[in-house]
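One structure, pasted below without further comment.
The values are calculated or read from the model by the stated rules, or taken from the named source; none is laboratory data. Note that the structure is predicted; figures quoted are calculated from it, not measured. Counting neighbours? That spans all protein chains shown, and the Cβs are built from the backbone with ideal geometry, glycine included.
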Amino acid sequence: MGSFFVRQLASYAAVHRDPRNKLTHFIGIPTIVFSLLLVLALWHIPAGGMVITGALLVGALAVLGWMALDLGVGLAMAIVMAVLWLAAEGLAAALGPAGTWIASGALFVGGWILQFLGHHYEGRRPALLDNLFQAFIGPMFLVAEAMVVLGWRRDLQAAMTHTAVTPR
C-alpha cells in the first residue's frame, strides 16, 4: 500500500466495516461538516475590495488538502464541499446569527451522536481517538467508498476491503 493517503484510508476502513456504522457515517460526517460550515458562514473576512466568509476560506483549504492527498477524491470532495458551502451560506443568511448558532450546535451534536452510535454497532472505538488526522480522512473515506462502489476507483478497493467483523 504505497501512498500516505492509501495507508490512512486503509486505517480508517479497518474500523468502519459494519454496514450500520458506514450508514451512520454517511449521514453523520456530512452533518458535522455542514454544521461547521454553517457557523463559519457567520465569520466575514475583508479580502481586497470584497468580503469572504470563514466557510469559504476553511472549505477551500480543506479541499486543497484533500486534493494534495488524492487528486481524484479531492476533486470529488470539491464538488461536495461547494454544495455544502452554498447551502450553509444560504441557511446562515436566512437564520441570522442566533439561529445559525443554534442550528449549527444541534447538527454538530446530532452528527456526533450518529458517529458514536455507529461505533457502538462496530464494536470498535472511532479512528480519530487514535489518530486525530482520521477526522480529515473521514469525509474522503465516504467519497472514496462511493467511487469504489461506482467502479471509478478500483485502485482504492483493496485498501477499503476487509473481512466482516462481528457486530454487536
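Residues checked against (1) over 18 Å from L37 (Cα atoms); (2) in contact (Cβ under 8 Å) with a residue 24 or more places away in the chain:
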site: L75; (1), (2): yes, no
site: E89; (1), (2): no, yes
site: L95; (1), (2): no, no
site: R125; (1), (2): yes, yes
site: L129; (1), (2): yes, no
site: A144; (1), (2): yes, yes
site: V149; (1), (2): yes, no
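Further question on the same structure: Given the options V109, V148, V58, V73, name the one that is among the hydrophobic types (A, V, I, L, M, F, W, C), part of a helix (DSSP H, G or I) and more than 23 Å from N21 (Cβ to Cβ). Working first, answer last.
Details: V109 fails: more than 23 Å from N21 (Cβ to Cβ); V148 fails: more than 23 Å from N21 (Cβ to Cβ); V73 fails: more than 23 Å from N21 (Cβ to Cβ).
Among V109, V148, V58, V73, only V58 is among the hydrophobic types (A, V, I, L, M, F, W, C), part of a helix (DSSP H, G or I) and more than 23 Å from N21 (Cβ to Cβ).
Same structure again: Restrict the check to region 54-74 and report whether at least one residue is touching an Asp or Glu at 6+ places or on another chain (Cβ under 7 Å) and either surrounded by 21 or more Cβ atoms within 10 Å (Cβ to Cβ) or among the aromatic types (F, W, Y) (or both).
If we filter region 54-74 for residues that are touching an Asp or Glu at 6+ places or on another chain (Cβ under 7 Å), which is where we start, we get 55.
Now restrict to residues that are either surrounded by 21 or more Cβ atoms within 10 Å (Cβ to Cβ) or among the aromatic types (F, W, Y) (or both): 55.
Yes.
Still on this structure, I have one more. Pick from region 122-145 the residues that are of a type outside the set (D, E) and outside any helix (DSSP H, G or I): which of them is modelled with the lowest pLDDT?
First, the residues of region 122-145 that are of a type outside the set (D, E): 123-129, 131-144.
Then drop every residue that is not outside any helix (DSSP H, G or I), which leaves 123-126, 131-133.
Details: G123: 88, R124: 85, R125: 81, P126: 81, N131: 78, L132: 83, F133: 85.
In this case the residue turns out to be N131.
Does region 151-166 hold any residues that are at pLDDT 85 or above, surrounded by 13 or more Cβ atoms within 10 Å (Cβ to Cβ) and either part of a loop (DSSP other than H, G, I, E, B) or among the hydroxyl-bearing types (S, T, Y) (or both), and which are they?
W152, R153
Here's the yes/no breakdown for (1) hydrophobic (A, V, I, L, M, F, W, C); (2) closer than 27 Å to M160 by Cβ; (3) at pLDDT 95 or above:
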site	(1), (2), (3)
D18	no, yes, no
N21	no, yes, no
S35	no, yes, yes
P46	no, no, no
L64	yes, yes, yes
L75	yes, yes, yes
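Is it true that L107 is under 14 Å from the mean Cα position of the chain (by Cα), exposed (fewer than 15 other Cβ atoms within 10 Å of the Cβ), of a type in the set (A, V, I, L, M, F, W, C) and closer than 24 Å to L38 by Cα?
Numbers: under 14 Å from the mean Cα position of the chain (by Cα): yes; exposed (fewer than 15 other Cβ atoms within 10 Å of the Cβ): no; of a type in the set (A, V, I, L, M, F, W, C): yes; closer than 24 Å to L38 by Cα: yes.
No; evaluated as a whole, the condition is false for this residue.
Here is a follow-up. Residues V83, V143: which one is more than 24 Å from R20 (Cβ to Cβ) and among the hydrophobic types (A, V, I, L, M, F, W, C)?
Details: V143 fails: more than 24 Å from R20 (Cβ to Cβ).
On inspection, the qualifying residue turns out to be V83.
Here's something else I'd like to know. Does region 87-103 include one or more residues that are assigned to a helix (DSSP H, G or I), loosely packed, with under 15 Cβ neighbours inside 10 Å and among the β-branched types (V, I, T)?
yes
Being more than 14 Å from the chain's Cα centre (by Cα), at pLDDT 95 or above and outside any helix (DSSP H, G or I) is the requirement here; does L42 meet it?
The answer is yes for L42.
Here's something else I'd like to know. Can you report the number of residues in region 45-55 which are of a type in the set (G, A, S) and in a strand (DSSP E or B)?
We begin by selecting, within region 45-55, every residue of a type in the set (G, A, S); these are 47-49, 54-55.
Subsequent filtering for residues that are in a strand (DSSP E or B) retains 47.
The total comes to 1.
Show the residue pairs that are 6+ apart or on different chains and have beta-carbon atoms under 6 Å apart, the first residue being within region 27-54 and within 14 Å of P97 (Cα to Cα), the second being among the charged types (D, E, K, R).
A41/E89
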